[in-house]
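Here the structure comes first, spelled out in structure tokens, and everything after it is commentary.
Bear in mind that the values in this text are calculations on the coordinates, not laboratory data. Everything numeric here is computed off the predicted structure, so don't read it as measured data. A quick note on method: Cβ atoms are made from the backbone with ideal geometry, for glycine too, and the neighbour counts reach across all protein chains shown.
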């Protein structure tokens, strides 16, 4: 029972720390877990239409046994090697973030989203302070866009940022479930309109914008496993144009206590397609493609998050220092951090690797898979050898992310890099 309480306590902490989740969605999820899996308890042991069981981790081979996964030192895909070399040469231009500063805009609370506009300006969502801050390409603070409130041009709880046509800025209001849209002017941004979604979609997890026209949304199915995981909205005429086919990748029945967490996914929008990387499930999907089809389960043998095992017990899904301590886990553990499309074919999946012994974290360091979506090859990178550890935003050779030395000390910050031209 103590371990069950520990897991629930950890779930609660993870949800509260996940700034992009609405409070209502968090507590509904926790409540469903407490009653034994919520909606999952009404499902039979067999998956429904479009659903799949979570794989048995005992049947998964070591990553390195697959010849199309190489390291930086090994011969492999020439395009991946070129991208790896280019990323290593990223030049740091400036960074913002400190424990203390006379300029309050050089300090951050929890940074929940970052976007880059067409001129290289950076817009940062400081969730703790509920400020959308604009910085110019030299790192100088310009203005706070909008403010917290209930009036025109205000947001009650900003959760996501998107950059659209002519550098229009979309700020999603978690509380009211719509986007506050700002247009660019000479000095910064001014309120333009409200973009309400054509269908009420509670509990958004991730969003991205494709071709400046389509908002793609990942929503965990808190209320029903029949709800789709992904929605695609045409913002020109504000209508729902597509959704996925109700895939949920269920864990086996006896593990259903934890199965709500299997449904989350990172997303990245490109000009040709939208990519989804499922947390707690070792696949990458092209969710929406220009050919109108959904392409599933390629690169399925890359285990993006190795499973936690304790003795002969079943898999667990909580990659954190709290979990390692509670369950006395020893070994290696990968905690996903995010995905970025560097081009229509090249995807970077970043994670933090933990090494632990008897419940004590000995070391943690950033890693990544650099993936060529065309020929399904991948390269494993150790980001300790790179200038950055995490990518928050990428656009036209500009990369905004975190440096590992500061990231390890948990100082909220952003670092602005320029990549060499191709």
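Quick notes
- Order of 131, 212, 143 - criterion: other Cβ atoms within 10 Å of each residue's Cβ, fewest first: 143, 212, 131
- Pair residue 330, residue 141: separation of 7 Å Cα→Cβ label points (nm): 4.9
- Taking other Cβ atoms within 10 Å as a rough exposure proxy, 175, 340 sort from fewest to most as 175, 340.
- Ordering 192, 219 from the fewest to the most neighbouring beta carbons within 10 Å gives 192, 219.
- Rg/Rg_ref, the stretch 147-245, where Rg_ref = 2.2 N^0.38 Å and atoms are Cα: 1.08
- Centroid-to-centroid, using Cα positions, the stretch 112-135 and the stretch 391-406 are 13 Å apart.
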